[in-house]
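Notes follow once the structure below has been shown.
The values are calculated or read from the model by the stated rules, or taken from the named source; none is laboratory data. Predicted model, so just to flag it, every value in this text is computed and none were measured. Every residue, glycine as well, gets a Cβ built from its backbone with ideal geometry; the counts of neighbours run over all protein chains shown. For the accessible areas, the whole protein counts, side chains as well, though only heavy atoms, and no ligand, DNA or RNA atoms are used. Shrake-Rupley method; radii C 1.70, N 1.55, O 1.52, S 1.80 Å.
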Amino acid sequence: MAQSQTRIWLLAPAGAVLLAGSAQAQSFQNNLSDIPTGGAANSSRSENVDFGDVDQDGDWDAVFADGGDAAQDRNRIWVNQGFAQGGTLGVFVDMTVAQLPAITDQSRDIEFVDFDNDTDLDIYISNTSALINQTNRWWTNLGNLQGGTAGFYVDETAARWVGLDSPTSSIPNSALLGSGGFIDWSCDCDFGDLDNDGDLDLVHSSYGGVFGGDTPTRIFLNDGLGFFEEFNPSGFKLTGANIANGNPALWCEGTHQSNTTNTNGTFADVASSALDIDLGDIDGDFDLDILHGARQEQPRMFVNRLDGSSLAPAMGGGQLGFRDVTNMVFPGGWSSGDGHYEQEMGDLDGDGDLDIYGLNWNAGGFSFTDVTLRNTGDGTYDNLTNLPNSGSDDNEGDFLDYDNDGDLDLYVANFSGQDRLYRNNWNGTPGGGGNFSFTDVTASELPSFNRIALDADACDVDGDGDYDLFIANDGNAANYYAKNITQTPDTHAPYIPNVEQAPDRAPGPDPTVIRAHVYDNAPYYITWYNETWVEYTVDGGSALTVPAMSSAGQIFRAELPGGLTGHVCYRFFSEDEYGNQGVSGQKCYDADGGGCSQSNYCTSTPNSTGGAAVISSNGNCVVADNNFVLTTTPVPNQFGIFYYSATQVNLPFGNGTLCAGGVQQRLDVEMAVGNVISHAVDFTSPPSPSGQITAGSTWHFSTWFRDPAAGGANFDLSNGLTVTFQ
């Protein structure tokens, strides 16, 4: 799964009556009347489902990957009829013909991801060449940066792959397709900010032709605008689709060796029959590690060496790197047999680390037993436990809190029979620890869901406070809508147990990057959309805020202005779609300004984004360096003007407050992107002779910006920033 930063707000429909769960015989009902029925809209070979707000109207829409190994088919989009559509929240209409490219392919996975960083949801599709040679596809949302209508998509596959034929690409020329991309057998790919640069990168797995398991997984890095180039520090190019033992391990430390038990970086196994990939920080160093599935081999773990931990030291110099630590982190016998189709990571016991559910990990003969493993806190796992009544051939599991008691329960989509539901018996307090265990509650909580289910995803599609499910079924059978009828509202706040310590530093142009672990009693791909931010103070002054963005996994990332001077303290906040708010503990660092002084003053008013615009400096206030950048957020995605003067004021003006008065020096017009507007000040080219910025001078900065949705004046302003330059 993947994500953008679009805010999702769901509310129960007016007049809705919340009924006690005890009045119902089951927690879910098969609600087929509210989704498309029959024909291509809902009688296909659906392999995967994903939720996201495609049109940015505040409700959840759905897309389906169709075709799989068996057929060329169109992927589907179902649009929620609440809010912008003016219909009933939780009722879906198939809009495939109008809103998706007219492309048929063999899709096994579909992911929402904001790959071009413009805050709307794009789509990435994993395809297989089982019938026809083809590549994975990039579909761009035409809203925001593209200037079109949000929720309508265009295929940009050829453009988004970069340098596939370059000497540093591992892909052989024989695999390249004239239409763009490369021949592949992909079942699942995941996105996350692997290199901590603020955009989402791609971990691209392949199970190989006829599930051969010899085609390597690859990593592609995002350039920040949604163009992806392979991360291949080895520089090795394959001569065919498969990688051989003794070849460099491409993106991982060491040489490739199938099923290696080595954990010191000499060998790594980067090719297997992978049907699922998961990203998360298992060892607490705030970078994203890779849990690598394997259908017929043992699943593997690769630790990210961007930052160091007890599992592997950092590469140093901010370099990205990975090490295969599989046999270091898992207990003996963690996996056996065949049919390991999927796995999930989540904090099952509220202790602030990622535990594991392994689907069919303990397999033998015709028995496919699911397991759970507990993270000991440092990225190693113990308590290998078989899940009760899990001997049938399952295909996919998802965590959700179906009864809203604060912990993660488990839904299992079954390939060969009745889907199952497990209740987590932990029910503790986040941070309190304690063991988790699961009880099979299928008989009492689920109706008959007895098709070839390949995937299930959960979210509150009807806005009544509990988590519903869409189930993707194969074999030309209709997909299910499992409507949660407990009517138990989610009142549990996100919890933020771990926050990165920023080092002491000197002020400068580069921001201070800080990350945190954010958990909630919801699927991780729902927590990604939580409104999350950092509140910070300088020398105990007024609190200011900056937004935090999901890096995927459980990580959120924020940037504090690099020009701050003094004792800086900060903490993370996260709020779910129901208004439940969690806050972290506080961290602090010292920023020695060497005589350069800056501080905020005045008070801005909330604008149409819902927040009040705050101006800050991301640059160096040493005039001789000529490296001073002003940034203001949150603002509408409209044009604005930074201005400054020698006079502080605090006067009502337009929809906001005027903070810099007298003779004003107006800088160039800038356009906001992603609710952020910035301007690099050129000290050598003042707007007027009276606006010359010199060492020792003090100026007061603010931002004027258009805001048509805010009120009668159609504009608003930020607070003020006072800077004494060196």
*Close pairs (6 angstrom Cβ cut-off, 6 or more residues apart or separate chains): on the phi < 0 side of the Ramachandran plot in the stretch 419-436, in a strand (DSSP E or B) and modelled with pLDDT under 95 anywhere*: D419/A453
*Name the pairs: first residue in the stretch 650-662 and without any contact (Cβ under 8 Å) to a residue 12 or more places away in the chain, second residue in a strand (DSSP E or B), Cβ to Cβ under 9 Å, at least 6 apart or on different chains?*
L651/T657; L651/L658; L651/C659; L651/G661; P652/L658
*Inside the stretch 68-101, can you point out the residues that are in a loop (DSSP other than H, G, I, E, B), among the hydrophobic types (A, V, I, L, M, F, W, C) and farther than 27 Å from I452 by Cβ?*
L89
_Restricting to the stretch 402-414, count the residues that are within 18 Å of P447 (Cα to Cα) and either under 25 Å from the mean Cα position of the chain (by Cα) or surrounded by fewer than 21 Cβ atoms within 10 Å (Cβ to Cβ) (or both)._
7
*asked:* Taking the criterion of being in contact with a Gly (Cβ under 7 Å, 6 or more places away or on another chain), closer than 21 Å to G397 by Cβ and not hydrophobic (A, V, I, L, M, F, W, C), would at least one residue in the stretch 302-322 satisfy it?
replied: no
*Among the numbered criteria (1) within 22 Å of G181 (Cβ to Cβ); (2) open to solvent by 20 Å² or more (accessible area, probe 1.4 Å); (3) at pLDDT below 95; (4) not hydrophobic (A, V, I, L, M, F, W, C), which single criterion is violated by G38?*
(1)
*Does V546 count as modelled with pLDDT under 95, surrounded by 19 or more Cβ atoms within 10 Å (Cβ to Cβ) and more than 25 Å from Q29 (Cα to Cα)?*
no
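Give me the residue from the stretch 242-280 that is of a type in the set (V, I, T) and within 27 Å of I125 (Cβ to Cβ) and, out of that set, farthest from the chain's Cα centre (by Cα).
Ranking the candidates gives I243 first.
Let's see how each residue does on (1) among the aliphatic types (A, V, I, L, M); (2) under 25 Å from A558 (Cβ atoms); (3) modelled with pLDDT of 95 or more:
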residue: D201; (1), (2), (3): no, yes, yes
residue: V210; (1), (2), (3): yes, no, no
residue: L225; (1), (2), (3): yes, yes, yes
residue: G240; (1), (2), (3): no, no, yes
residue: Q257; (1), (2), (3): no, no, yes
residue: A271; (1), (2), (3): yes, no, yes
*Qualifying residue in the stretch 266-273 (condition: touching a Leu at 6+ places or on another chain (Cβ under 7 Å) and in contact (Cβ under 8 Å) with a residue 12 or more places away in the chain)*: yes
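For the stretch 598-638, name all the residues that are assigned to a loop (DSSP other than H, G, I, E, B), more than 27 Å from the chain's Cα centre (by Cα) and buried (at least 18 other Cβ atoms within 10 Å of the Cβ).
So in the stretch 598-638, the residues assigned to a loop (DSSP other than H, G, I, E, B) come out as 602-605, 607-611, 613, 618-619, 621-622, 626, 634-638.
Next, from what is left, pick out any that are more than 27 Å from the chain's Cα centre (by Cα): 602-605, 619, 621-622, 626.
Across the stretch 598-638, the qualifying residues are C602, S604, G619, C621, V622.
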*Could you please find all residues in the stretch 312-334 being open to solvent by less than 10 Å² (accessible area, probe 1.4 Å) and in a loop (DSSP other than H, G, I, E, B)?*
A312, G321, V325
_Within the stretch 176-201, take every residue that is open to solvent by 10 Å² or more (accessible area, probe 1.4 Å) and among the polar types (S, T, N, Q) and give me the one that is farthest from the chain's Cα centre (by Cα)._
S179
*Single unsatisfied condition, L454 versus (1) part of a strand (DSSP E or B); (2) over 30 Å from G68 (Cβ atoms)*: (2)
